[in-house]
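The values are calculated or read from the model by the stated rules, or taken from the named source; none is laboratory data. Quantities reported herein were computed from a predicted structural model and do not represent experimental measurements. Cβ atoms come from the backbone with ideal geometry, glycine included; neighbour counts cover every protein chain shown. Ligands, DNA and RNA are stripped out before the accessible areas are found, and what is left, the full protein with its side chains, is counted by its heavy atoms. Shrake-Rupley method; radii C 1.70, N 1.55, O 1.52, S 1.80 Å.
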Amino acid sequence: MDSTRRDRLLWIVLLPAVLVAVGVLAYFNVRTTLQLDKLRQQSVLESTLALANEKADRLDKRIITEDNTIIAIADPAALSELTERWVPTAQRETPTVRAILMLDEAHDVLAFASRAGGAWGEEEEFRRLLVRRLLSDMDLASQPLDELRHLHREYNGQSYLVSFWQKLSGGRHYILVAWHDIGRIVKDTLPSLFTELPVAGQSGPPSRVNVVDEENRIIYGPPLRSGEFTVGVRFPTTLYNWRLQVSPAASEELATRVQSRKTLELVFVTLSCIVIVAGVATILLGVEKQRRINALKTEFVANVSHELKTPLALVRMFGEMLQSGRVANDDKRKEYLDIIVHESERLSNLIENVLDFAKVERGRGAYEFASGDVADVVVRAAQVLKYRAERENVTIDVDVKESLPPCRIDERALQLAVINLIDNAIKYGKSPHDGDGSVIRVSAAKGAAGVAIRVVDEGPGIAAAEQARIFERFVRGSSSRDSKAGSPVRGSGIGLALVKHIAESHGGTASVESQPGKGSAFVVTIPFES
Ligand code: ADP
């Protein structure tokens, strides 16, 4: 398989494969990230929920413990002693219970023990509420005997919690009611249960807790933002119309952290994908560029071999003819000698170009700079090609300004650059209009920051699309393919690359201005000596 086909296969197979691989990688990465986040979130939620349940249970247990104490104290056989038996220990044992009532089956109050001490009006009100509303709401008929039950309800905008217990004693049906002091529960019990140290195994500040009623009004605690980490549970048996809400201490921070980590990971995945795709594209572009250079190099070798062989063969052929004495007359002899001189000139120019170019390619463009006059260099270069130009019926019109400021130059290299430009102007710049010959204008003049060397011809010019590329090594333009004579123009494609390299090594520039059909002007600028 040749290398072009291999490279193409590389493009066709590798690029889509890499893109698919990157896509799959990105997909799984993003999915895993999102799943992990969900898991983390879930585990935070689960532990918060467990905490909320545990706290709600704690209140229930506290109230039920008090209820059991009351049940133990309230003996139907000793109802007259109820107050004496209960009140002295009430503060310690049953702090949330405000009053105890014992009723019979007919709902008559048999005993009323209270800790209120004087708030008789309220107690009367409660007794009336009990008889009129609470007892029917308790739905006593469907409640089993000997089982503790609770009623949590709002009456006249006020919340009530009562525990009740039905029992048979001495053949009679009794109803024991414990009236809990909700104000006290909120003021004392809830803070004592919920304001506490951080939960075991959890570092940092404690979670925040509040209690809200059915309309979401806060009964206790601070307002909590209903974020994704705030959990609410009902109290299971006692204050069942209220909800306990728990929010991990750093819930807002947690939410922002989760969000920013998600964003960061997505950005990271996107960046990685971009880097991979850009990397692969760069490699493939590099491969493609290398392939183009290799093709150009092969062409270059073929060109140079041809360029070396042709003049050598001519020199040899005409040399042998002169040597054998088989020359008709002196004119012919002069013609043969001219050809030999012309071809050996070409040969030495080419060899110099190739050697300099090889030096540049190896990174050893060892130029030797010294203060010099650019005008001299330009005149000498024109001189070298004067005879050749004459032979080709081309006039070189040299116009250099007197006393140009000195520049730091490598005279030999700069002369080679100017020779290349004039050589090109001779090769390509013949006017397509007149066969009487054309003029090449070579000038050196003072510019804004340096000396500008211009080589202007009247040739076919260079298409705008080609103007930048012809300075690349091995690149030959369309003018090299179709000369005026119809045959390709001989060349190697390294002349202008060398000119550019020499100009830039001097701190200057090499450029071309051309209008197809109207000729070209190559300009090399060399900065003044500072
Ligand atoms: P070569 O002359 O060996 O092909 P160069 O690097 O000197 O290589 O030139 C590159 C290409 O630039 C040439 O092949 C030619 O197409 C174009 N070129 C250079 N000088 C001229 C010019 N004066 N007029 C038109 N085309 C030119």
- Item | Selection status of residue 59, open to solvent by 60 Å² or more (accessible area, probe 1.4 Å), farther than 14 Å from residue 179 by Cβ and of a type in the set (A, V, I, L, M, F, W, C) | no
- When segment 499-520 is checked residue by residue, the ones that are in a helix (DSSP H, G or I), away from the ligand (no atom under 13 Å from the Cβ) and in contact (Cβ under 8 Å) with a residue 40 or more places away in the chain are 503, 505
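Matching residues to (1) closer than 30 Å to residue 184 by Cα; (2) modelled with pLDDT under 90; (3) surrounded by 12 or more Cβ atoms within 10 Å (Cβ to Cβ):
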{"residue": "221", "(1), (2), (3)": "yes, yes, yes"}
{"residue": "232", "(1), (2), (3)": "yes, no, yes"}
{"residue": "263", "(1), (2), (3)": "no, yes, no"}
{"residue": "273", "(1), (2), (3)": "no, yes, yes"}
- Residues of segment 332-343 being modelled with pLDDT under 90, open to solvent by 50 Å² or more (accessible area, probe 1.4 Å) and not charged (D, E, K, R), in sequence order, are 341
- Item | Selection within segment 452-467 - more than 8 Å from the ligand (Cβ to nearest atom), of a type outside the set (Gly, Ala, Ser) and closer than 18 Å to residue 420 by Cβ | 453, 454, 456, 467
- Task: Can you give me the number of residues within segment 65-85 that are of a type in the set (A, V, I, L, M, F, W, C), in a helix (DSSP H, G or I) and open to solvent by less than 50 Å² (accessible area, probe 1.4 Å)?
- Result: 6
- Message: Looking at 116, 111, 99 in this structure, which one is modelled with pLDDT under 90 and outside any helix (DSSP H, G or I)?
- Response: 116
- Going through segment 151-161 one residue at a time, which ones are assigned to a strand (DSSP E or B), open to solvent by less than 80 Å² (accessible area, probe 1.4 Å) and closer than 17 Å to residue 128 by Cβ? 151, 155, 160
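For (1) open to solvent by less than 60 Å² (accessible area, probe 1.4 Å); (2) among the aliphatic types (A, V, I, L, M), each residue gets a yes or a no:
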residue: 93; (1), (2): no, no
residue: 103; (1), (2): yes, yes
residue: 124; (1), (2): yes, no
residue: 149; (1), (2): no, no
residue: 163; (1), (2): yes, no
residue: 184; (1), (2): no, no
- Report, by residue number, each residue of segment 468-498 that is more than 9 Å from the ligand (Cβ to nearest atom) and surrounded by 16 or more Cβ atoms within 10 Å (Cβ to Cβ). 483
- Does at least one position in segment 314-331 carry a residue that is surrounded by 13 or more Cβ atoms within 10 Å (Cβ to Cβ) and touching an Asp or Glu at 6+ places or on another chain (Cβ under 6 Å)? yes
- Yes or no: residue 445 of a type in the set (Gly, Ala, Ser), open to solvent by less than 50 Å² (accessible area, probe 1.4 Å) and more than 8 Å from the ligand (Cβ to nearest atom)? yes
- Message: The conditions are (1) more than 25 Å from residue 493 (Cβ to Cβ); (2) surrounded by 14 or more Cβ atoms within 10 Å (Cβ to Cβ), and residue 393 fails exactly one of them. Which is it?
- Response: (2)
- Yes or no: residue 137 surrounded by fewer than 16 Cβ atoms within 10 Å (Cβ to Cβ), assigned to a loop (DSSP other than H, G, I, E, B) and over 60 Å from the mean Cα position of the chain (by Cα)? no
- Message: Residues that are within 50 Å of the chain's Cα centre (by Cα): list the strands (runs of 3 or more DSSP E) wholly contained in segment 379-484 that include at least 3 such residues.
- Response: 407-409, 450-456
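Of everything in segment 75-106, what is of a type in the set (Gly, Ala, Ser) and farther than 14 Å from residue 173 by Cβ? Give them in sequence order.
Correct list: 77, 78, 80, 90, 99.
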- Can you tell which of 408, 380 is touching a Phe, Trp or Tyr at 6+ places or on another chain (Cβ under 6 Å) and of a type in the set (Lys, Arg)? 408
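Matching residues to (1) of a type in the set (Gly, Ala, Ser); (2) over 28 Å from residue 265 (Cβ atoms):
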| position | (1), (2) |
| --- | --- |
| 47 | yes, no |
| 51 | no, yes |
| 64 | no, yes |
| 77 | yes, yes |
| 103 | no, yes |
- Task: Return yes or no: is residue 186 within 19 Å of residue 53 (Cα to Cα), in contact with a helix residue (DSSP H, G or I) (Cβ under 6 Å, 6 or more places away or on another chain) and at pLDDT below 95?
- Result: no
